[in-house]
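Below you'll find the structure, written out as structure tokens, and then a few comments.
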Amino acid sequence: MSSSFSKGSARSLGIAIAVVLVLGMIAVPVIGSRALVQDLFSVLTLLVLALNWNMLAGFAGLVSVGQQAFVGIGAYVMFACTILWGLDPLVGVLVGGVAAMLFSIPMAFFAFRLNGAYFAIGTWAVADIARLVASQWTALGGGTGTSLPKGTTKDMFGVPFVKDLLDVSSAAAADAVTYWLALALALAMLTISYVFLRSKMGLGLQAVRDNLEAARSVGINPTRLKALVFTLCAFGTGLTGALIFIQITRVTPQAAFAVIDWTAFVIFIVVIGGIGTLPGPILGALVFYALERLLADYGTVYLIALGLLGIAVMLFARRGLWGLITDRTGFDLLPLGHAPPAPLSETRQPVPERT
Amino acid sequence: MAILSLQNVSKSFGALKVTDDVRFELAEGEALGIIGPNGAGKSTLFNLIAGNLRPDEGVITLSGRDVTGESPMQRCASGVGRSFQIPQPFGHLSVYENLLVAARFGGGVSGHDAPALCMDILRRTGLAESAAKPAGSLSLLSRKRLELARAMATRPRVILLDEIAGGLTDGECVELVATIRGIHGEGIAIIWIEHVLHALTSVVERLMVLNFGKMLMIGAPDEVMASPEVKEIYLGIEV
């Protein structure tokens, strides 16, 4: 009984720490500097992209190198909603997410015919086609891109209210609103991932990842599960992409469909943090941000250092930093496994309470 | 009515006919053994029955229903459980989760009932101690047991066992035979491919001999093993 008590109290302590952490993060725009808000915004958006990619590669076995397609489509459709159709940018974010999801359906139709490395290359090719198509969209500046009209974010949903509430400039209020949305997105993605992965479908998905043929033979429909996850992750990635470009306020095909920014860095985050775990991408996003700050002044050396670290982790700690931590301490946050029930006695009577 | 029936089933890989006009019926709860030299088409026959391969010709029915065009997933739902000759565990999932996923999907067992069912099967197959271990870390013998256990978790009406006794010690073999007898005793029909003849003949009621994709003989184990033709082909004895 004492062990279950301490386990219970460790759980309560964990929940308490998480609540304090989340409350602290909500309060950042009120108590922190605008630079901090912007930095945390980029960490949070990268985290959401990483959680989405981790879901695909780490749990569904879909190693996509075409996530920039969804970021770019989300961004472009958000710009179209705002500039061409006069909608609120936040409505544009939602429409951008839906557009990315719709795009993922034909993309899945073609890419699911490919496996492993071929799937990766196929998704990359499709993303590049999307980039080329976007650069033909003359109403949004074609190859040179376009900017959000000055003052667009000033009138964005919630911004005037936050401006008055915190008594800050419109620009700072817009940063606060996008930051809170990124925070909400990250928390939602984390919660949905956790609940989904512990469900029947999540277990089936991991079985498909581990062995396709065996999964079919135990009654799982692999295509349906993979398609579901692929389209939902496209939605999450598209939403995030649109949100990122509200903050940037300028879109070009090169920036919105950048494989380095929206896929390579995201893969790096997941791999060094720990692929196939939920805390992994969180740890990875923090490490990535720290490295970015530390090495920002060294130019290309920064990319070389990231590459070397990525290779080192893949060679010596295949389960990432989070894998190292759980191996050393046996401590696991957000465990996804289903523990076998305590063994029943031979006569199947309930085990008597120990006194 | 026969639970499983194959009518004139044939399958070719290119010019090679690996299954040649196979026809037989399996009665409800019956145990059938399949023997034959390597490359006789035994595993291919399983792939055809489980739906991993489609026959070029012929009809496969389950309880009278034509399932020839159905996927492995649908066949599993209709009551075909299978093991693979080369074990195919879900390596990153625990042994228990390997069964849980099979019970939830293929067996249609509710989340409430699945844990007890899975633990019961793990105990009967001697895997209870390994329940929490990652399936990828198991030894070959335990992986073979897991193949049997996972197929059981789909709650099959007919179970296909592909060489699960190969490489076992005598003691382990006796245990395995007892487990399979237990499954048979529950009224689950069994088709068992095996080279370990004494294990096979101690369970099955009928024996089929395959050679070059063709059914050479099917009948009572004693009769089949006494046939000079079988002795020559399968045991390599010149008669």
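Residues in segment B:165-198 that are surrounded by 12 or more Cβ atoms within 10 Å (Cβ to Cβ) and in a loop (DSSP other than H, G, I, E, B): B:Ala165, B:Gly166, B:Gly167, B:Leu168, B:Ile188, B:Glu194, B:His195, B:Val196. Looking across segment B:54-70 at every residue that is open to solvent by 40 Å² or more (accessible area, probe 1.4 Å) and closer than 23 Å to B:Gly14 by Cα, the one that is farthest from the other protein chains (Cβ to nearest Cβ) is identified as B:Glu57. For A:Leu94, are the conditions met, namely being closer than 25 Å to A:Val195 by Cβ and either open to solvent by 20 Å² or more (accessible area, probe 1.4 Å) or not in a helix (DSSP H, G or I) (or both)? The answer is yes for A:Leu94. Here A:Val159 fulfils each of the conditions (1) without any contact (Cβ under 8 Å) to a residue 60 or more places away in the chain; (2) more than 18 Å from B:His92 (Cβ to Cβ); (3) open to solvent by 10 Å² or more (accessible area, probe 1.4 Å) apart from (3). Within segment B:109-120, the set of residues being open to solvent by 10 Å² or more (accessible area, probe 1.4 Å) and more than 8 Å from chain A (Cβ to nearest Cβ) comprises B:Val109, B:Ser110, B:His112, B:Asp113, B:Leu117, B:Asp120.
Checking every residue in segment A:266-281 against the condition of being outside the structural domain of A:Gln38 (by TED's automatic domain parsing), open to solvent by 40 Å² or more (accessible area, probe 1.4 Å) and under 18 Å from the mean Cα position of the chain (by Cα) gives at least one match. Summed over segment B:71-94, residues that are outside any loop (DSSP other than H, G, I, E, B) and either at the interface with chain A (Cβ under 7 Å from one of its Cβ atoms) or open to solvent by 50 Å² or more (accessible area, probe 1.4 Å) (or both) total 7.
If only residues of segment B:121-142 that are among the hydroxyl-bearing types (Ser, Thr, Tyr) and part of a helix (DSSP H, G or I) are counted, the one that is farthest from the other protein chains (Cβ to nearest Cβ) is B:Ser142. With respect to (1) polar (S, T, N, Q); (2) open to solvent by 30 Å² or more (accessible area, probe 1.4 Å); (3) assigned to a loop (DSSP other than H, G, I, E, B), the lone exception for B:Asn47 is condition (3). Pairs are defined by a Cβ separation below 7 Å, a sequence spacing of at least 6 or placement on different chains, a first member in segment A:329-355 that is more than 13 Å from every other protein chain (Cβ to nearest Cβ), and a second member that is open to solvent by 100 Å² or more (accessible area, probe 1.4 Å) and at pLDDT below 50; the pairs so defined are A:Arg354/A:Met1. When A:Val30 is tested against (1) open to solvent by 20 Å² or more (accessible area, probe 1.4 Å); (2) under 21 Å from A:Leu197 (Cβ atoms), just one condition goes unmet, and that condition is (2).
Residues are listed down the side, and each one gets a yes or a no for (1) out of contact with any helix residue (DSSP H, G or I) (no Cβ under 8 Å at 6 or more places or on another chain); (2) over 23 Å from B:Arg150 (Cα atoms); (3) open to solvent by less than 30 Å² (accessible area, probe 1.4 Å); (4) not β-branched (Val, Ile, Thr):
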position: A:Ile192; (1), (2), (3), (4): yes, yes, no, no
position: A:Leu212; (1), (2), (3), (4): no, no, no, yes
position: A:Pro222; (1), (2), (3), (4): no, no, yes, yes
position: A:Cys233; (1), (2), (3), (4): no, yes, yes, yes
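Set side by side, the residues B:Ala27, B:Ala31 differ, and just one is touching a residue at least 60 places away in the same chain (Cβ under 8 Å) and open to solvent by less than 40 Å² (accessible area, probe 1.4 Å), which is B:Ala31.
The values are calculated or read from the model by the stated rules, or taken from the named source; none is laboratory data. The structure displayed is predicted, hence computed values, not measured ones. Positions of Cβ are backbone-derived with ideal geometry, glycine not excepted, and every protein chain shown enters the neighbour counts. Accessible surface areas use protein heavy atoms only, side chains included; no ligands, DNA or RNA. Shrake-Rupley method; radii C 1.70, N 1.55, O 1.52, S 1.80 Å.
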